[in-house]
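The structure under discussion appears below in the form of structure tokens.
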Amino acid sequence: MPQYKVYQPATYRPRMSPYWFFDRWPYLKFMIRETSSVFAAYWAVVMLAQIRSIRHGAWAYARFEHWLSNPLIIILNAVALLFVAFHAVTWFMLVPRVFVRQMTGSGAIPDELAAAPNFGAWIVASIVVGLFLVGAI
Amino acid sequence: METSSTNAQSGAIGILDETIVLEIARFHPEKDTEPSYDSFEVPLRSDWMVLDALNYVKDHLDGSLAYRWSCRMGICGSCGMMVNGVPRLTCETLLTSVAPGPVRIGPLDHFTVVKDLVIEMDEFMGKLQKVRPWIVRKDNYQPKREFIQTPAQLEVFKQYSLCINCMLCYAACPVFGLDPSFTGPAALALAERYNLDSRDQGAAERTDILSQHDGIWDCTVIGECSEVCPKHVDPSMAIQQYKIDATKDWFKTWLMPWGNK
Amino acid sequence: MAAHARRSNRPLGWVMFGTGGFLVAFFFPIHILLTGVLQPLGWVPTPDQHHMLTLLENPITRIYLAILLIFAFWHAGYRLRDTICDALGVRALDFPIMLVCFIGAAAGTVATLWMLLTVP
């Protein structure tokens, strides 16, 4: 706040719009990234329900699968997938940079190179988990 | 690209025979309660920066326009303004890059406006002081000659030392807009600059201050501070580094309470 | 040291958030893609309950799920707290918002542990 007030009759303090994240694309991108947390929480709950239905036998599992096959739920899941994938990409672009910098003391490694191993590991992890989920292993 | 000889023949370097409209935020502290926009038509010249256009307005159209500027070469950090909603140094923003206009020019976002495009800087100065941006020695060491520092030791913090205090990062930071008590990008980058300095011993002292509420943990990694920085200081990266160090400290304190003093 | 005592306890939550961020990024997309979209559409095969139960009875599967889900809950809770504060501009209400988010994450943790420890 101003300390000098002698010849300063009034000042104007701007207030942020409640919709500030629509003002510029980078802010909207930030908010999309943060909103992924809602979908991460949603999916963690769905996985708990999945585990529960598996434990409760064939009938409960069939009911869970029936719930999943609701078109609205499929659309919701597709949206969740987009948000969580966006989180993954932003995470893999940013976090390795931070760690590389922490370990080397400077940004010696280009950003793309720092991020590359994560995208490789992402593909491998997806294939392994995917094989289990479709019952191939 | 035109050669200098053709320019000399035409005798009119940079003149494009066009104009551009500037919509400039005006706030008169004795008359207004909130800012409004005035439009000015100025010549569009290929060799003009937005600052040159503002100078044209002040010299030829309205002498009462208030704004800050000094060096015209991107080092004094005075001429930061919102150009079409993005914080920019107006001395480094080509007028043709925002053509055809109209171009909206406002004071830096989130700061208290004194008049027109001039913002109050005390708030930022207070934040700067808070991070103790000087070399802190725990010992009372009085060097007889200069501290020796290798080029490698310099390289570690050099990037963070290039800040010119232009405050563009604060104008780009919604967290500062939402919570004015946030220490903010430039001050935190400067804190990290001294933490990483091989001559400095004040890291623990700074962490005591900056890992409290309003320090590093208010940052939610929006990253626009680094995007708008004219000196590529990357305050966002500095803050994340700081978070890692503060986290290590925190776990050390909790797991080995006897280890810390 | 007084200043020392006022240091934020954020680092604990931040470590949970960071670990969860990695796990969610690596594993959630494939889970959602298959379980949530492709299998309900019938585009890829869906194993039956017996197969899934055999999988679930394997301790390695349960350790994987426990780590994945618990960190995912804390990741989401930590981020959601800041998101609500930023999106609604209510940083003044940080404390109650934090409580709600963290209680949610704690509930998710308890539910996950109970669910996985009591598998027949």
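Axis of helix C:94-117 versus longest Cα principal axis of chain C: the two differ by about 30°, to the nearest ten degrees. Residue-normalised convex hull volume from the C-alpha trace of the stretch A:35-137: 126 Å³ per residue. Across chain B the C-alpha pair distances fall into 5 Å bins from zero in the proportions 1, 6, 11, 14, 15, 13, 11, 9, 7, 6, 4, 2, 1, 0, 0, 0 percent. Distance from the Cα centroid of the stretch A:59-128 to that of the stretch C:84-120 is 21 Å (rounded to whole angstrom).
Heavy-atom accessible area with a 1.4 Å probe sorts C:D94, B:D38, largest first, into B:D38, C:D94. If only the Cβ of Lys and Arg carry +1 and only the Cβ of Asp and Glu carry -1, the dipole of the protein assembly as shown around its Cα centre is close to 1800 debye.
The radius of gyration of the Cα set in the stretch C:15-117, together with its Dmax, comes out at 16.5, 51 angstrom.
Per residue, the Cα convex hull of the stretch B:66-151 amounts to 171 Å³. Between C:T19 and B:A66, the FRET efficiency from the beta-carbon distance, with R0 = 56 Å, is close to 0.65. Applying a length cut-off of 18 Å (Cα extent along the axis) and a mean Kyte-Doolittle floor of 1.6 to the DSSP H helices of chain A leaves A:71-104. Each of B:K58 and A:I109 was given a label point 7 Å from its Cα along the Cα-to-Cβ line. The distance between the two points is 4.8 nm.
Legend: residues A:T104, C:T35, sorted from most to least accessible area (1.4 Å probe; ligands, DNA and RNA excluded), read A:T104, C:T35.
Considering only protein heavy atoms and a 1.4 Å probe, what is the carbon-and-sulfur percentage of the accessible area of the protein assembly as shown? With neighbouring chains kept in place, the figure for the protein assembly as shown is 63 percent.
If you take the square roots of the eigenvalues of the alpha-carbon gyration tensor of the stretch B:4-136 and sort them as a ≥ b ≥ c, do you get rounded (a/c under 1.5), prolate (a/b over b/c) or oblate? Oblate.
Note: relative contact order over the stretch B:121-261, using C-alpha pairs below 8 Å and six or more positions apart, is 29 percent. Amide H contacts for B:R104 (H built 1.01 Å from N in the peptide plane; partners 5 or more residues away or on another chain; cut-off under 5 Å): B:E23, B:N84.
Pop the C-beta distance of C:A87 and A:V79 into the FRET formula with R0 = 22 Å and round what comes out to the nearest 0.05.
E between C:A87 and A:V79, to the nearest 0.05, is 0.80.
Counted over the protein assembly as shown with a bin width of 20 Å, the fraction of Cα pairs per bin, in whole percents, is 19, 44, 29, 8, 0. Here B:Q129 and A:R63 are evaluated by their C-beta separation; at R0 = 51 Å the FRET efficiency comes out at 0.20. Model label sites at B:S161 and B:E30, defined 7 Å from Cα along the beta-carbon direction, differ in position by 4.7 nm. Relative contact order of chain B, taken over Cα pairs closer than 8 Å and 6 or more residues apart, is 16 percent. Of the whole protein surface, A:M103 contributes about 150 Å² of accessible area at a 1.4 Å probe radius. Taking all protein chains as shown and a probe of 1.4 angstrom, B:R132 keeps an accessible surface of around 80 Å². Working note: Karplus 6.51/-1.76/1.60 with θ = phi - 60° gives the stretch B:23-37 the couplings 9, 9, 5, 10, 9, 9, x, 8, 10, 9, 9, 8, x, 9, 10 Hz, where Gly and Pro are set to x. With both labels modelled 7 Å from their Cα along Cα-to-Cβ, the A:Y19 to A:A121 distance reads 4.1 nm.
Among B:E23, B:E120, B:E41, the order of accessible area from largest down is B:E41, B:E23, B:E120, computed with a 1.4 Å probe on protein heavy atoms. When the helices of the protein assembly as shown are scored as -39500 (n - 2.57) per DSSP H run of n ≥ 4 and the total is divided over every residue, the value at 222 nm lands at -17000 deg cm²/dmol.
Taking 13 Å as the straight-line reach from the Cα of A:K29, the aspartates and glutamates in range (excluding those fewer than 8 positions away in the same chain) are B:E224.
The values are calculated or read from the model by the stated rules, or taken from the named source; none is laboratory data. None of the values given here were measured: they were computed from a predicted structure. Here the Cβ is made from the backbone with ideal geometry for all residues, glycine too, and neighbour counts use every protein chain on show. All accessible areas refer to the heavy atoms of the entire protein, side chains included, with ligands and DNA or RNA removed. Shrake-Rupley method; radii C 1.70, N 1.55, O 1.52, S 1.80 Å.
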